[in-house]
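Structure first, commentary second.
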């Protein structure tokens, strides 16, 4: 049976309106306003779908791995509802803010703790940072080959076969297992689940590891720092055009637009 690990990150909903975001100048980061729930990183959903497609064709066990300070367990449980077998959460206060190196380091520690595996799947990039560095960094720390931007992933006779996206088509790349593959959106959207499946996984136990469980002492130093954060200042001026009748208001508006040379 294949052992597949899928790394998933929860992010601020990239489709949320601009009013849902705020900037913390001291922390130098963008956060969501209260009441804006997180979502699964869309590219990580593609990675999970790739794992499920492999499981559709051959026996496989899928472990979903996620790290953060305040993880939404309800959100991450949906990975179990679509067909993953186990959910491992890396949750600790020190995971409040991290760069690509720190994330790869911690994920590598967790994967080594899990034991043997055949394939690690990640999204090609995160929807919040768009850096695309964690997957290849994780492969380096695990000492395994990496294949990026996959549109199709197969595991055949101890080899991973990947259709890798190019600007003018795709190329076929093979490597021995264990290996890491980053999934692109061409793989397809994550399959849906029904209410019964979601209710069933509520009874399923999940694994939670903290920093001490991973032996993170001393903690890895950050390699990336934002030294300046530009916050644009936008001044908005408005003027209400009135009139005693709708016709007069419309005429006044037309005169005003002509005055400012918009018509």
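Tell me whether the range 159-167 contains one or more residues that are surrounded by 14 or more Cβ atoms within 10 Å (Cβ to Cβ), in contact with a helix residue (DSSP H, G or I) (Cβ under 6 Å, 6 or more places away or on another chain) and under 17 Å from residue 3 (Cβ atoms). No - not one qualifying residue is present in the range 159-167.
Find the residue count for the range 84-116, including only residues that are in contact with a strand residue (DSSP E or B) (Cβ under 7 Å, 6 or more places away or on another chain), surrounded by fewer than 22 Cβ atoms within 10 Å (Cβ to Cβ), assigned to a loop (DSSP other than H, G, I, E, B) and touching a residue at least 60 places away in the same chain (Cβ under 8 Å). Count: 2. If a residue must be under 28 Å from residue 186 (Cβ atoms) and modelled with pLDDT of 95 or more, how many such residues does the range 78-103 contain? Adding up the residues that qualify gives 11. Of the residues 263, 226, 241, the single one that is farther than 24 Å from residue 90 by Cα, out of contact with any strand residue (DSSP E or B) (no Cβ under 7 Å at 6 or more places or on another chain), modelled with pLDDT of 90 or more and part of a loop (DSSP other than H, G, I, E, B) is 241.
Of the residues making up the range 23-47, those that are surrounded by 12 or more Cβ atoms within 10 Å (Cβ to Cβ) and more than 19 Å from residue 72 (Cβ to Cβ) number 4.
Condition first: surrounded by fewer than 15 Cβ atoms within 10 Å (Cβ to Cβ), in contact with a helix residue (DSSP H, G or I) (Cβ under 7 Å, 6 or more places away or on another chain) and either more than 21 Å from residue 151 (Cβ to Cβ) or without any contact (Cβ under 8 Å) to a residue 60 or more places away in the chain (or both). Now tell me which residues in the range 177-199 satisfy that. Matches in the range 177-199: 197 only.
The values are calculated or read from the model by the stated rules, or taken from the named source; none is laboratory data. The model shown is predicted, which means the values in this text are computed figures rather than measured ones. Note that we place each Cβ from the backbone using ideal geometry, even for glycine, and neighbour counts take in every protein chain shown.
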